[in-house]
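Asker: Take this structure, written in structure tokens, and hold onto it; I'll ask about it next.
The values are calculated or read from the model by the stated rules, or taken from the named source; none is laboratory data. Just so it is clear, the structure is predicted and the values come from calculations on it, not from any experiment. Quick reminder, even Gly has a Cβ in these numbers, built from the backbone with ideal geometry, and neighbours come from all protein chains shown.
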């Protein structure tokens, strides 16, 4: 088994492969889906949807991803909603993160816009913008493993695995091991407010928008990790646990689609569901 690394979707991607030629296949899949789902590419399908701001027929892949996003919006009681695109931009995350700059202005809250899927058509209410963000990385990782191209894909911490022996270390804010989790055949994703931060006025903004407030989430949790069947589910679950803060792990315990969860708090304490072994 070989581990290869390349950059895609604004992050570093590791793939566990048997044949080196599969690296090119995996990279091509990431490049293709980034061309559909990126909000930074003006020619992407997502950008065309956001510009149209109305009802459009979408591609097969976009339909599948938006369908997953719709289901996860329901599963997380609206805590993960791709309709937060206008809020993400309004708080200053308008370009790739390396180009984000601090600002003296503090934006007003922007609540999620309305969007819906009906068959192969997506409809956006006026002013709504979609942001596929981490869900696209997880969805792509799922596609690559399910296609048998790689046994494990890790895209910026979103991991999908078909390796029954896979054990993953979860790191704290100092890059020390906080917990070990057996992922096996399944997925793990981490949502964090420790990185991708910038200043807006006196506020330290970050990219995790709380749909209930239209602003960066105010939570004692620095990072949350969730194990689920798929990376796209794990990504949604981790974001919900982080946003819920003190109530996040109890919520995760109630979800039959979440296998385990870990939350690292601002004071360095690590809390987890019973399935997780602390380091």
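Asker: Taking only region 132-161 into account, find how many residues are modelled with pLDDT under 95 and either closer than 18 Å to residue 54 by Cβ or more than 11 Å from the chain's Cα centre (by Cα) (or both).
Answerer: Count: 0.
Asker: Scan region 166-180 and tell me whether some residue there is farther than 20 Å from residue 74 by Cβ and under 15 Å from the mean Cα position of the chain (by Cα).
Answerer: no
Asker: Residues that are at pLDDT 95 or above, touching a helix residue (DSSP H, G or I) at 6+ places or on another chain (Cβ under 9 Å) and surrounded by fewer than 16 Cβ atoms within 10 Å (Cβ to Cβ): which helices (runs of 4 or more DSSP H) entirely in region 1-107 hold 1 or more of them?
Answerer: Those helices (runs of 4 or more DSSP H) span 21-37, 60-75.
Asker: Among the candidates 222, 242, single out the residue that is touching a helix residue (DSSP H, G or I) at 6+ places or on another chain (Cβ under 9 Å) and modelled with pLDDT under 95.
Answerer: 222
Asker: Between a residue in region 260-275 that is in contact (Cβ under 8 Å) with a residue 60 or more places away in the chain and any residue that is surrounded by 12 or more Cβ atoms within 10 Å (Cβ to Cβ) and not in a strand (DSSP E or B), which pairs come within a Cβ distance under 6 Å, given they are 6 or more apart or on different chains?
Answerer: 260/273; 260/275; 260/276; 262/276; 264/172
Asker: Exactly one of (1) surrounded by 15 or more Cβ atoms within 10 Å (Cβ to Cβ); (2) in contact (Cβ under 8 Å) with a residue 24 or more places away in the chain; (3) under 22 Å from residue 105 (Cα atoms) is unmet by residue 188. Its number?
Answerer: (3)
Asker: Sticking with this one: In this structure, does residue 252 turn out to be part of a helix (DSSP H, G or I), farther than 17 Å from residue 220 by Cα, at pLDDT 95 or above and touching a helix residue (DSSP H, G or I) at 6+ places or on another chain (Cβ under 8 Å)?
Answerer: Here the answer is no, as residue 252 does not meet what is asked.
Asker: Give the residues of region 208-230 that are assigned to a loop (DSSP other than H, G, I, E, B) and farther than 17 Å from residue 173 by Cα, sorted by residue number.
Answerer: 211, 212, 213, 214, 217, 218, 229, 230 - these are the residues of region 208-230 that are assigned to a loop (DSSP other than H, G, I, E, B) and farther than 17 Å from residue 173 by Cα.
Asker: Give just the number: which of (1) over 21 Å from residue 33 (Cα atoms); (2) free of Cβ contacts under 8 Å to residues at least 24 places away in the same chain does residue 170 not satisfy?
Answerer: Failed condition: (2).
Asker: Assess whether residue 205 counts as being within 15 Å of the chain's Cα centre (by Cα) and crowded, with 22+ Cβ neighbours inside 10 Å.
Answerer: Against the criterion (within 15 Å of the chain's Cα centre (by Cα) and crowded, with 22+ Cβ neighbours inside 10 Å), residue 205 does not qualify.
Asker: Then there's this: Which of the residues spanning region 232-249 are without any contact (Cβ under 8 Å) to a residue 60 or more places away in the chain, at negative phi and crowded, with 17+ Cβ neighbours inside 10 Å?
Answerer: 238, 241, 242, 248, 249
Asker: Then there is this: Looking at this structure, is residue 252 buried (at least 24 other Cβ atoms within 10 Å of the Cβ), without any contact (Cβ under 8 Å) to a residue 60 or more places away in the chain and within 20 Å of residue 68 (Cβ to Cβ)?
Answerer: Against the criterion (buried (at least 24 other Cβ atoms within 10 Å of the Cβ), without any contact (Cβ under 8 Å) to a residue 60 or more places away in the chain and within 20 Å of residue 68 (Cβ to Cβ)), residue 252 qualifies.
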